[in-house]
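See below for the structure under consideration.
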Amino acid sequence: METKTSKNVLIDASRIITEALVQSGADVFIGYPITPSNLFYSYSKLRFPQFLAGPDEISVLQWMSGFSAAGKLPVTATAFPGLALMTETLNMAYMMELPMVLIITQRLGPSTGSATTGAQGDLKFLDGVISGGMPLPIFSPSNFNDAWTLAHEAAKTAIKFRTPVILLTSKEMVMTQKSFDISTLEPLEPIDRSIKPYEKPYQTYKAGADKVPVFLPLANELEQVRFNSSTHNNLGLIGKNDAESLGNTWRLKEKLETRIDEFTFYEYDAQTDAKNLVVSWGISADAARDAVANLRKNGKKVSLLIAKTLLPVPPKIYEIIDQYEEITFAEENMTGMYKEMLYGKRQSTQIKVATKFGMMLSPSEIIEKI
Amino acid sequence: MLSGLTFKILTVETQEKILTQVKMPFCPGCGHGISTRSISEALEQLGYGTKDVSIVSDIGCAGLVDPLFATHSIHGLHGRSPALGVGVSLGIDNPKKKTIVIQGDGGATIGLQHILEAARRNIDMTLVVFNNMLFGMTGGQMSGLSTNEFKDYKQSADEADPYDVVQLAHTAGAAYTRRVNHIANFTPALKEAIATPGFSLVELASLCTSYAMKKVSEYQEYIVEEEKFLNDRPVGHLPLRQTKPLIENMKGLDALFANNLDGRIGILIAGSAGGGVQSAAQQLAQAGILAGLHSTMKGEYPITVGTGFSIAEVILSKDPIHYTGLEKSDVALIITEDGFKKVKDLLAPQTKVWIDDKAEIESNYTQKGFSKAGGKKGAALSAIAYWLNESGVFSPDALLKVVENHKYAPELQQAINSYKLV
């Protein structure tokens with residue numbers, strides 16, 4: 001049996017994510033420089049088959065939408081100030097059902113805040129970022145291996161479900177360098193983008209049982225396509241409150257929620273007889289891993305859940321959490337946004353939060369809360 | 001300018017109808033219907049088929065056009081269609097296909113930057129601005145293209161002069177820009193624009209019978225005179241590139257050196273921008289891998305990269321490192337006052353601290369001549385090598401190995417070896 005030789009390097013996750021996206025078949029990076037997503041910009045300039053420097057955030061996502069409608073898979077990387085300006089176009093791309101990947105590197109807010117300080121403060125904004133309550137797939141890597149696999153899954157989900165997908169990272173996740181054995185990164189196959197069989201006459205937004213319409217690009221020679229960001233019927237023409245058009249809008253929610261098992265990612269380290277569960281995500285997950293290891297070393301029984309598909313919330317997450325008497329959420333924000341997303345703002349003795357604002361949450365700060 | 005154009009030879013059999021049979025949705029007498037038909041005529045006369053054309057539209061009365069075209073279409077956000085069109089055109093990247101963007105004067109005002117950017121890049125697309133000098137769908141408010149005369153007539157409070165979008169796009173670099181006021185000239189002008197490779201813009205005067213005048217003859221008194229400009233520039237493209245993998249070709253760092261570390265150690269290096277702190281810390285982390293350790297390197301600096309403090313945290317560990325923060329620093333190497341001010345509150349009683357003796361810092365910490373030995377840019381490396389030698393965690397030779405193929409190898413090696421002079 002062939003054994004792989006390890007190859008240790010000092011590397012950051014920006015490089016890993018960029019390479020993973022290109023290997024997965026992403027065609028073009030369109031961006032503008034913003035801290036702490038700068039490394040994505042510079043790596044993408046070297047690596048993507050096409051690279052385009054946008055003049056502003058709105059143009060970037062509009063250009064990406066054009067590329068996507070033409071059959072390309074575009075990628076950008078930004079931070080909250082950029083995301084805020086992209087929001088209307090993000091809704092447009094979502095409504096048009098255009099595949100694309102947005103990397104959001106969280107930094108300390110509000111507003112321009114501290115651009116070079118990490119955070120996990122954009123989750124609740126993303127929870128409602130699509131007007132109307134539709135979910136947007138949000139994946140959050142918790143380490144370098146996740147960075148590789150979730151970047152691939154983000155591209156895959158974008159194409160498979162015809163949707164923008166967000167890869168939610170943070171400054172320390174994508175800028176801190178770590179020793180890492182790159183031989184553990186398996187080569188990635190480009191996502192299949194062949195045209196699927198479709199029912200004639202073709203209608204841009206007519207979906208079958210899988211609830212995802214077959215994608216054909218602009219300028220194709222087979223069928224007329226009509227993309228539309230306003231409420232539209234199956235043909236892609238504006239429809240106002242008719243059943244077909246409203247059904248199309250409902251379908252945006254259903255296609256993701258009914259098939260969420262196909263993109264549910266998490267890490268569950270269960271300990272037998274544990275009544276306590278630590279729940280974390282993104283950059284705080286490693287602190288949670290250390291905290292749980294320390295607690296176990298000292299005889300405490302505790303389980304660990306790292307959420308990687310943050311939105312829509314997979315039922316599996318609730319299923320795991322419901323098995324425990326006491327849950328501690330570990331996050332680098334002011335209030336515990338993931339906790340609030342699952343449970344609201346109401347305080348409870350069973351539901352605790354270990355949070356940190358303006359600095360990384362440490363393992364000892366998590367342990368203090370348990 | 002137009003000499004390179006090719007026109008298909010059309011016959012009745014080959015010519016496709018660009019417009020659908022859908023009834024025009026515009027108000028009676030609205031100028032948008034004529035503009036829409038003129039675009040269709042121009043495309044048909046140039047020989048474009050329905051699958052050759054992508055209509056990009058946005059919001060407002062002009063945004064009602066997409067169902068009228070039997071072509072591909074994409075209907076987006078108010079004012080953003082020129083930007084969407086840039087993506088469509090570059091994404092299709094086929095000179096036989098045509099991207100036609102249609103927006104009103106309100107949209108052109110909202111998305112003026114997008115128009116200038118498309119013109120600057122000379123993207124192969126045609127933008128047609130239906131200028132009825134107002135926002136028709138929301139009640140006839142003035143736009144950035146409403147003329148002063150029209151604003152006076154409408155008793156607008158806005159006294160700012162209007163944009164000349166034709167002139168602006170020309171100045172930004174558009175291949176072809178033209179304002180057309182007379183209906184008879186619409187189709188010929190559109191044909192010229194569409195047939196011109198690169199970015200073309202045609203502003204068409206359009207009567208709004210609901211909020212402007214009822215007669216074209218009256219309306220003509222309020223419009224700007226026709227104008228036409230050409231720029232002979234290369235068409236903007238986005239070429240496909242062959243690129244090299246980012247990870248596969250990285251040089252592995254094999255464990256060539258011994259280490260004497262038990263557990264984990266956190267090293268804080270604090271200096272000023274331009275002092276080589278970040279690169280020295282990175283080299284320490286790489287040297288740690290060469291010594292068979294796990295390592296992390298985290299940088300912190302103000303957004304003004306070239307000034308102020310520059311802090312780096314390096315963790316070296318026997319075991320894999322998860323959490324990359326530094327709960328406490330075991331070692332602090334302070335190079336400048338800026339660095340000290342930033343980290344002084346993070347120094348624990350057990351932290352072993354060395355401070356460069358040139359830094360004007362009042363403290364009881366040990367001072368050493370790192371910058372005297374290594375120079376301003378080499379002080380951080382000198383301090384790191386000094387600490388490695390003092391602590392015996394691993395040999396400074398691992399640092400020398402890291403920099404051996406660096407383009408500034410001699411200078412870096414000198415800085416590392418300078419620890420012997422400290």
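The values are calculated or read from the model by the stated rules, or taken from the named source; none is laboratory data. Bear in mind that the values here come from a model prediction, so they are computed numbers and not experimental data. Note: ideal-geometry Cβ built from the backbone for every residue, glycine included; neighbour counts use all protein chains shown.
Would you mind finding the one in B:184, B:212, B:174, B:157 that is in a loop (DSSP other than H, G, I, E, B) and surrounded by fewer than 15 Cβ atoms within 10 Å (Cβ to Cβ)?
B:157
Residue check, residue B:89 against (1) more than 10 Å from chain A (Cβ to nearest Cβ); (2) buried (at least 24 other Cβ atoms within 10 Å of the Cβ); (3) polar (S, T, N, Q); (4) in a helix (DSSP H, G or I), all met but one. Which one?
(1)
Yes or no, residue by residue, for (1) more than 9 Å from every other protein chain (Cβ to nearest Cβ); (2) in a strand (DSSP E or B):
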residue	(1), (2)
A:234	yes, no
A:240	yes, no
A:254	yes, no
A:273	yes, no
A:277	yes, yes
A:290	no, no
A:296	yes, no
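Within the set of pairs 6 or more residues apart or between chains, which connect a residue that is assigned by TED's automatic domain parsing to the domain that holds residue A:71 inside the range A:16-33 to a residue that is surrounded by 24 or more Cβ atoms within 10 Å (Cβ to Cβ) and basic (Lys, Arg) with Cβ atoms less than 7 Å apart?
A:27/A:72; A:28/A:72
Test each condition in (1) over 30 Å from residue A:234 (Cβ atoms); (2) in a helix (DSSP H, G or I); (3) among the hydrophobic types (A, V, I, L, M, F, W, C) for residue A:168 and report the one that comes out false.
(2)
Starting from residues that are of a type in the set (Asp, Glu) and at the interface with another protein chain (Cβ under 8 Å from one of its Cβ atoms), keep the ones in the range B:26-84 and report whichever is farthest from residue B:193 (Cα to Cα).
B:66
Could you please let me know if residue B:244 is at negative phi, part of a loop (DSSP other than H, G, I, E, B) and either more than 14 Å from chain A (Cβ to nearest Cβ) or not small (Gly, Ala, Ser) (or both)?
Yes: the conditions hold for residue B:244.
How about the range B:408-422: which of its residues are out of contact with any helix residue (DSSP H, G or I) (no Cβ under 6 Å at 6 or more places or on another chain) and more than 14 Å from residue B:377 (Cβ to Cβ)?
The answer is B:417, B:420.
Among (1) closer than 18 Å to residue A:174 by Cβ; (2) crowded, with 22+ Cβ neighbours inside 10 Å; (3) not polar (S, T, N, Q), there is one condition residue A:74 misses while meeting the rest; what is its number?
(1)
Can you find a residue in the range B:92-115 that is among the acidic types (Asp, Glu), in a loop (DSSP other than H, G, I, E, B) and either modelled with pLDDT under 95 or not assigned by TED's automatic domain parsing to the domain that holds residue B:205 (or both)?
no
For residues that are at the interface with another protein chain (Cβ under 10 Å from one of its Cβ atoms) and among the charged types (D, E, K, R), scanning just the range A:38-83, find the one that is farthest from residue B:301 (Cα to Cα).
A:72
What about residue A:64, is it touching a Pro at 6+ places or on another chain (Cβ under 6 Å) and of a type outside the set (Ser, Thr, Tyr)?
The answer is yes for residue A:64.
Just to be sure I understand, how many residues within the range A:39-62 are free of Cβ contacts under 8 Å to residues at least 24 places away in the same chain and either out of contact with any helix residue (DSSP H, G or I) (no Cβ under 8 Å at 6 or more places or on another chain) or closer than 20 Å to residue A:15 by Cβ (or both)?
Number satisfying all stated conditions: 6.
For the range B:92-107, how many residues meet the condition of being more than 7 Å from chain A (Cβ to nearest Cβ) and under 21 Å from the mean Cα position of the chain (by Cα)?
Within the range B:92-107, residues that are more than 7 Å from chain A (Cβ to nearest Cβ) and under 21 Å from the mean Cα position of the chain (by Cα) number 1.
Return the residue satisfying two criteria in turn: it lies in the range A:321-344 and is farther than 23 Å from residue A:356 by Cα and surrounded by fewer than 19 Cβ atoms within 10 Å (Cβ to Cβ), and of such residues it is nearest to the chain's Cα centre (by Cα).
Filtering first and then ranking leaves A:322.
Considering the range B:353-386 alone, what residues qualify as being buried (at least 22 other Cβ atoms within 10 Å of the Cβ), in a helix (DSSP H, G or I) and either in contact with an Asp or Glu (Cβ under 8 Å, 6 or more places away or on another chain) or aromatic (Phe, Trp, Tyr) (or both)?
Hits for the range B:353-386 are B:370, B:371, B:379, B:383, B:386.
All but one of (1) touching a strand residue (DSSP E or B) at 6+ places or on another chain (Cβ under 6 Å); (2) among the hydroxyl-bearing types (Ser, Thr, Tyr); (3) under 30 Å from residue A:221 (Cβ atoms); (4) at the interface with chain B (Cβ under 7 Å from one of its Cβ atoms) hold for residue A:35; which doesn't?
Every condition holds for residue A:35 apart from (3).
Can you tell me how many residues within the range B:400-409 are out of contact with any Leu (no Cβ under 7 Å at 6 or more places or on another chain) and either without any contact (Cβ under 8 Å) to a residue 12 or more places away in the chain or within 18 Å of residue B:335 (Cβ to Cβ) (or both)?
5
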